[in-house]
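**Q** Could you have a look at this structure, given as structure tokens, before my questions?
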Ligand code: ASP
């Protein structure tokens, strides 16, 4: 049995590409990387790779990560400039070194040494990204996170994002942080997150989700518990949670998703399906829990 799940409707192209590989016996790691490449190269996706949101200085600074569920090896890069595929740098770090995370210039230098193709910053920045930056419109952010199980039973997870529009230079979100933005252990399960990284990090969402599956919860129970607990824990400590959303998969390839805000979508495909399904989740919280619900993107009152 193979299976693939990824965050947001725009990731259906990633699910298609990943499924092509998995169908023909390909490895989970190659499937998540291949899927993420599609989204990183797509200038229409405003939050990942080419065309992503810019930092306060008007630079495109990308975060990405991979984790191999067979070995628990991981690679992550933060605030990388001048590369369309930060996920390739993360994978090279995992495959070729004993390190887990590289940031900024160190990551860029390592990528050059590995022969990963560079792009001029201007070629990676779209007119829409410039406009969003000039207007500093809202706080745009999203991430592609993808989890795959292959027919050999191996699991892998990867993430890629430009982080938050107008973020401070050097800001790192949850997406390249193991246990927060992503986690996978073959034979147990995988999880990855999207939303306001600062909230996802302080509640270590992805590791919690995989731990709950390890303790016997179904993907649906685990991911719902994690999002609800993260939200309620932040509230209990006097905070105002922003958007938190996760997708997860267990070792049987069963998938689930949960969010605390409206308009969270994900793509999903497994053996026996012809094309990915794109589904939207309802928030796990309701007014009875003391949350003020607001229609639309904002989700809950902050
Ligand atoms: N989690 C990402 C970050 O904080 C953005 C997102 O997924 O919405 O950088």
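Values quoted throughout were computed directly from the atomic coordinates according to the rules given, and no laboratory measurement underlies them. Fair warning: this is a prediction, and the values are worked out from it, not measured in the lab. Virtual Cβ from ideal backbone geometry, glycine too; neighbours counted across all protein chains shown.
**Q** I want the antiparallel fraction of DSSP beta bridges within the chain, as a percent rounded to 5.
**A** On the way: 49 of 53 bridges.
Rounded to the nearest five, the antiparallel share is 90 percent.
**Q** Please give the residues of the range 141-183, grouped as numeric ranges, whose backbone N is less than 16 Å from a label point set 7 Å along the Cα-to-Cβ vector of residue 1.
**A** Under cut-off, by backbone N: 148-156.
**Q** For the chain, state the average projected area of the convex hull of the C-alpha atoms over all orientations, rounded to one decimal in nm². Mind dumping the intermediate values first?
**A** Working: hull surface 57.5 nm².
The number I arrive at for the chain is 14.4 nm².
**Q** On to the next question. How far apart, in nanometres, would the label points at residue 207 and residue 169 be if each is projected 7 angstrom from Cα along the Cα-to-Cβ direction?
**A** So the label points at residue 207 and residue 169 sit 3.2 nm apart.
**Q** When only C-alpha pairs under 8 Å and at least 6 residues apart count, what is the relative contact order of the chain, in percent? The partial results should precede the final answer.
**A** Numbers: 845 pairs, mean separation 62.4, N = 302.
Worked out over the chain, it gives 21 percent.
**Q** Among 5-16, 110-121, how do they line up by average Cβ neighbours within 10 Å per residue, starting with the highest?
**A** Those peptides, ordered most packed to least, come out 5-16, 110-121.
**Q** Would you please give the FRET efficiency between residue 95 and residue 252, computed as 1/(1 + (r/R0)^6) with r the Cβ-Cβ distance and R0 = 30 Å, to the nearest 0.05?
**A** For residue 95 and residue 252, the calculated efficiency is 0.65.
**Q** Need the full-extension length gain, residue 277 to residue 131, defined as separation in residues times 0.36 nm minus the C-alpha distance. One decimal, nm.
**A** Length gained between residue 277 and residue 131: 49.4 nm.
**Q** Here's a follow-up. Given an 8 Å cut-off on Cα distances and at least 6 residues of separation, report the relative contact order of the range 72-158 as a percent.
**A** 25
**Q** Gap in Å between the Cα centre of the range 224-238 and the Cα centre of the range 142-197?
**A** 20
**Q** May I pose another question? Evaluate E = 1/(1 + (r/R0)^6) for residue 236 and residue 103, where r is the Cβ-Cβ distance and R0 equals 35 Å; express this FRET efficiency to the nearest 0.05.
**A** The formula returns an efficiency of 0.60 here.
**Q** Considering only DSSP beta bridges where both residues belong to the range 1-135, give the percentage that are antiparallel (nearest 5).
**A** Restricted to the range 1-135, the bridges split so that about 65 percent are antiparallel.
**Q** Related question: Describe numerically, in nm with one decimal, the distance between label points set 7 Å from Cα along Cα→Cβ at residue 120 and at residue 56.
**A** 2.8
**Q** So if R0 is 25 Å, what FRET efficiency would residue 30 and residue 198 give, r being the distance between their Cβ atoms, rounded to the nearest 0.05?
**A** Given R0 = 25 Å and the Cβ-Cβ separation, E is 0.20.
**Q** Oh, and also: Which value in Å does the Kirkwood hydrodynamic radius of the range 232-291 take, with 1/r averaged over all unlike C-alpha pairs and then inverted?
**A** Values: mean 1/r = 0.0744 Å⁻¹.
Final number for the Kirkwood radius of the range 232-291 is 13.4 Å.
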